[in-house]
Amino acid sequence: MFSQQNVNYDESKVPDFEIPDLFTTFDGKKIRNIKEWETIRRIELTNFFINNVYGKIPENLNIKSWKIVEEGTGEINGKARRKQIDIHYENNGKKLTFNILLYLPNNIKKAPIFLGFNFYGNHVVFNDPNILISNAWARNNETYGIVNHKLSEISRGAQEINWQVEKIIDAGYGIATIFYGEVDPDRNDFSDGIHPLSYSENQNKPLENEWGAISAWAWGLTKAMDYLEKDKDVDASKVIVFGHSRLGKTALWAGAIDKRIAGAISNNSGCGGAALSKRKFGETIKSINTSFPHWFCDNFSLYNDNEEALPVDQHSLIALLAPRPVYIASAYEDKWADPKGEFLSGYYATPIYKLYGKTGIDSKEMPDVNQPIYNCVAYHIRDGKHAVLEYDWEQYIQWANIHIKSEKNKIKPKP
Ligand code: GTR
């Protein structure tokens, strides 16, 4: 792990920096309207993130087949139904399968849903004996009974508190989750997960501008969208991607590249997620690339100790989601993720939301703890640590009720 000795947690030591202007192209042209934003600036910013931050996702990996492998109808005291769907991919003579666990409220015909990865297998999110246990590689963890990188029965329901499945169902939403290790095991090894299915001859790792793990996981969310569009029980125009920490970075990136996604929630996503890199507060680009060399594309390390040279910052990533609702959440004690940097990304992305007539973060002053702002760009800082808690889900549901559920605010995806 990267040494945390020289980490800056002192606001007075945040360097002066210029925030890259969203309305000025890399070659100095001024953006005047939505059309220019969408056809010029949004494209160059997306390409920058693709080639220099997260890495390019191959376009040729499409669903080979899918199958509902398990179903139940009278779940959670008859309030919900459950499906477990295997999605199969095949390329280069290699195969990959990931499983989507889906709970849907029984009282809604086509439900809006939250879609997100979990860290320890689908069976941790809810104490339901029918949830299948994945065979994919998992990080060893004593508390969760993960030995020799195998998930086990011990952790069934262990993260119920972090997932709030019943609360979500009661609020009229479905929830879909995937074990992130099935799409790409979280280790610095590009011989496993989805990457090898895309290699050209003699290739055994991605090129400098090709996908790291975050892009691979984001690919998984976009592929889950491919399935959800086929599922008649789901309102695929109201899928909100969700993720905590590294998976919060993933949710934002997936939302940026796939306009079918109706909204995105990043919970404590920090460096490479919502937090501004140029503040160099808490985790920095160098520390994240050192600790997790497989998350971003290799080109991102050009900005190690060199944040000044970045022609973008993470507010540009938030702006790529516009005009779709985005929720950025921080935790007070989670200084490593730089709560203020997460907040300011929302603030600096707001002018693009305003261009579309949407609401965002209007003041540079952070709100107090537990005082959520439910705008189209939403934000809260909760008291406590780096985690997803019941409080967080309560806010996400309230906000989704305003911006996703109601017909009036429905955002139609562009082709
Ligand atoms: C940390 C990492 C963060 C964050 C977190 C997580 O160790 O430095 O960027 O992503 O892991 O995903 O839990």
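The values are calculated or read from the model by the stated rules, or taken from the named source; none is laboratory data. Since the model is a prediction, treat every value here as computed from it, not as a measurement. When we count neighbours, we look across all protein chains shown, and the Cβ atoms used for this are built from the backbone with ideal geometry, even at glycine. Side chains are part of the model used for accessible areas, which takes the heavy atoms of the whole protein and leaves out ligands, DNA and RNA. Shrake-Rupley method; radii C 1.70, N 1.55, O 1.52, S 1.80 Å.
Odds and ends about this structure:
- Residue within the stretch 256-264 that is more than 15 Å from the ligand (Cβ to nearest atom), touching a residue at least 60 places away in the same chain (Cβ under 8 Å), under 13 Å from His315 (Cα atoms) and not aromatic (Phe, Trp, Tyr) present: yes
- Apart from one condition, Phe98 fits all of (1) closer than 22 Å to Ser198 by Cα; (2) loosely packed, with under 14 Cβ neighbours inside 10 Å; (3) touching a helix residue (DSSP H, G or I) at 6+ places or on another chain (Cβ under 7 Å); the exception is (2).
- Candidate set: the stretch 281-303, residues that are within 11 Å of the ligand (Cβ to nearest atom), of a type in the set (Gly, Ala, Ser) and assigned to a helix (DSSP H, G or I); chosen: the one surrounded by the fewest Cβ atoms within 10 Å (Cβ to Cβ): Ser291
Here is a yes/no grid of residues against (1) surrounded by fewer than 24 Cβ atoms within 10 Å (Cβ to Cβ); (2) over 22 Å from Thr250 (Cβ atoms); (3) basic (Lys, Arg):
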{"site": "Asn118", "(1), (2), (3)": "yes, no, no"}
{"site": "Asn127", "(1), (2), (3)": "yes, yes, no"}
{"site": "Gln159", "(1), (2), (3)": "yes, no, no"}
{"site": "Glu166", "(1), (2), (3)": "yes, yes, no"}
{"site": "Ile178", "(1), (2), (3)": "no, no, no"}
{"site": "Asn188", "(1), (2), (3)": "yes, no, no"}
{"site": "Asn202", "(1), (2), (3)": "yes, yes, no"}
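- Within the stretch 11-36, tally of residues that are surrounded by 11 or more Cβ atoms within 10 Å (Cβ to Cβ), among the acidic types (Asp, Glu) and in a loop (DSSP other than H, G, I, E, B): 1
- Test: residue in the stretch 160-169 that is within 16 Å of the ligand (Cβ to nearest atom) and more than 22 Å from Ile85 (Cα to Cα): yes
- Checked against (1) hydrophobic (A, V, I, L, M, F, W, C); (2) within 16 Å of the ligand (Cβ to nearest atom); (3) closer than 22 Å to Asn401 by Cα, Val326 passes all but a single condition, namely (2).
- Going through (1) more than 20 Å from the chain's Cα centre (by Cα); (2) farther than 30 Å from Tyr173 by Cα; (3) open to solvent by 60 Å² or more (accessible area, probe 1.4 Å) one by one, Lys56 falls short only on (1).
- Filter result for the condition that a residue is surrounded by fewer than 18 Cβ atoms within 10 Å (Cβ to Cβ) and part of a helix (DSSP H, G or I), over Asn62, Asn77: Asn77
- Of the residues in the stretch 385-396, at least one is part of a helix (DSSP H, G or I), closer than 15 Å to Gly263 by Cα and open to solvent by 10 Å² or more (accessible area, probe 1.4 Å).
- Residues (within 15 Å of the ligand (Cβ to nearest atom) and either among the aromatic types (Phe, Trp, Tyr) or open to solvent by less than 10 Å² (accessible area, probe 1.4 Å) (or both)) located in the stretch 217-248: Trp217, Ala218, Phe242, Gly243, Leu247, Gly248
- From Asn409, Asn401, residue being touching a helix residue (DSSP H, G or I) at 6+ places or on another chain (Cβ under 6 Å) and either at pLDDT below 95 or not basic (Lys, Arg) (or both): Asn409
- Every condition in (1) within 12 Å of the ligand (Cβ to nearest atom); (2) in a helix (DSSP H, G or I) is met by Trp253 except one, and the failing one is (1).
- Exactly one residue out of Tyr347, Tyr353 is open to solvent by 10 Å² or more (accessible area, probe 1.4 Å), part of a helix (DSSP H, G or I) and among the hydroxyl-bearing types (Ser, Thr, Tyr): that is Tyr347.
- Restricting the stretch 139-157 to residues that are open to solvent by 70 Å² or more (accessible area, probe 1.4 Å) and among the charged types (D, E, K, R), the residue that is farthest from Phe292 (Cα to Cα): Glu153
- All conditions but one from (1) touching a helix residue (DSSP H, G or I) at 6+ places or on another chain (Cβ under 7 Å); (2) of a type in the set (Val, Ile, Thr); (3) within 16 Å of the ligand (Cβ to nearest atom) apply to Ile63; the one that does not is (3).
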